[in-house]
Amino acid sequence: MSYCVNCGVELEASLRECPLCHTPVMNPRDLGRELPPSPYPTDKGQVEVVKRKDLGILVTVVLTATAVTCLLLNLLVFHRALWSLAVIGCCLCLFVFAFPAIFYSKMPVWLTLLADGASVAVCLFLLTFVTASDAWLLQLGLPIVAFLTVCAEVFPLLSKFFPLTMLSCALCVFIEIPAFCVALELRIRQFTQQPARIVWSAVVLTVCVIIDIALITILAKKRLRNEVRRRLHF
């Protein structure tokens, strides 16, 4: 056994350089000899990327098998409540969410977001078979999903007319977050028959307004905007 002259790590006889500090191994006694071949591969390879088709088949089979087996288990064993519909709805949402990335990446963004919202609405509808009443779906679930989908659709709509940057996207996000929180709290209060006023959403609204004012100031001042972009590397 030999040792590295630089860091002192123990070396194998076949090594040509130290694996720790990459110092070349030079033994005067072995200068005229041929060193044994290295047991490690010399070519740096990369694991082959999984094809989308194969990944799509795997995802489809796993989600379908999960939905079918839970449905059979619900019907044959645990048949007091239709709990399997909740699992089926979740599997449907996961399939719709993964569809653009795995099966068809050229789908328009607005259509992807619309399909995501529709799948969540279907999942909530399936949950009504588990709950005692479906009033929450019509008065609470569907309006919230619809409003959230509309908020998400704003970005692809704005990108068609205005060039969106990181700062402008952040401004849109911090405008939509308090709007959604206020609408959510008011809808919940209406559903629970409470007075129409904002409490916890007022805190979110205050914080987001401060951030919006700061972002508008940055966007309005060119020098300040360039400094922020340069320092944050975007």
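The values are calculated or read from the model by the stated rules, or taken from the named source; none is laboratory data. Keep in mind that what you see is a predicted model, and the values were worked out from it rather than measured. Every residue, glycine among them, receives a Cβ derived from its backbone with ideal geometry; neighbour counts consider all protein chains shown.
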Any chance the stretch 120-143 includes a residue that's at pLDDT 90 or above, within 18 Å of the chain's Cα centre (by Cα) and not hydrophobic (A, V, I, L, M, F, W, C)? no
The residue from VAL77, VAL87 that alone is among the aliphatic types (A, V, I, L, M) and in contact with a Cys (Cβ under 7 Å, 6 or more places away or on another chain) is VAL87
Any pair with Cβ under 7 angstrom, 6 or more apart, that starts in the stretch 62-85 at a residue that is in the same structural domain as CYS123 (by TED's automatic domain parsing) and within 16 Å of CYS123 (Cα to Cα) and ends at one that is part of a loop (DSSP other than H, G, I, E, B) and modelled with pLDDT under 95: LEU82/PHE129; LEU82/VAL130; TRP83/VAL130; LEU85/PHE129; LEU85/VAL130
When GLN190 is evaluated against the numbered criteria (1) outside the structural domain of LEU75 (by TED's automatic domain parsing); (2) within 27 Å of the chain's Cα centre (by Cα), which criterion, by number, is the only one it fails? (2)
Given the conditions (1) of a type in the set (Lys, Arg); (2) under 20 Å from LEU219 (Cα atoms); (3) touching a residue at least 24 places away in the same chain (Cβ under 8 Å), and given that ARG187 satisfies all but one, which numbered condition is not satisfied? (2)
Name the single residue that is nearest to LYS51 (Cα to Cα) among those in the stretch 101-113 being within 16 Å of the chain's Cα centre (by Cα) and at pLDDT below 90. ILE102
When ASP212 is run through (1) within 27 Å of ASP116 (Cα to Cα); (2) surrounded by 13 or more Cβ atoms within 10 Å (Cβ to Cβ); (3) not aliphatic (A, V, I, L, M), the failure sits at (1)
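Residue by residue, here is whether (1) modelled with pLDDT of 80 or more; (2) not acidic (Asp, Glu) holds:
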| site | (1), (2) |
| --- | --- |
| TYR3 | no, yes |
| VAL9 | no, yes |
| VAL25 | no, yes |
| GLY32 | no, yes |
| VAL50 | no, yes |
| ASP54 | yes, no |
| THR69 | yes, yes |
| PHE78 | yes, yes |
Return a yes/no flag: does the stretch 60-73 have any residue that is part of a helix (DSSP H, G or I), of a type outside the set (A, V, I, L, M, F, W, C) and crowded, with 17+ Cβ neighbours inside 10 Å. no
Any chance you could count how many residues in the stretch 96-108 are of a type outside the set (Gly, Ala, Ser), farther than 17 Å from LEU127 by Cβ and in contact (Cβ under 8 Å) with a residue 12 or more places away in the chain? 6
What are the residue pairs meeting all of these: first residue in the stretch 109-121, first residue under 14 Å from LEU157 (Cβ atoms), second residue surrounded by 15 or more Cβ atoms within 10 Å (Cβ to Cβ) and charged (D, E, K, R), Cβ atoms under 7 Å, and 6 or more apart or on different chains? TRP110/GLU153; LEU113/GLU153
Please list, ordered by first then second residue, the pairs with beta carbon atoms under 7 Å, 6 or more apart or interchain, first in the stretch 152-177 and in the same structural domain as LEU224 (by TED's automatic domain parsing), second at pLDDT 90 or above and of a type in the set (D, E, K, R). LEU171/ASP212; PHE174/ASP212; ILE175/ASP212
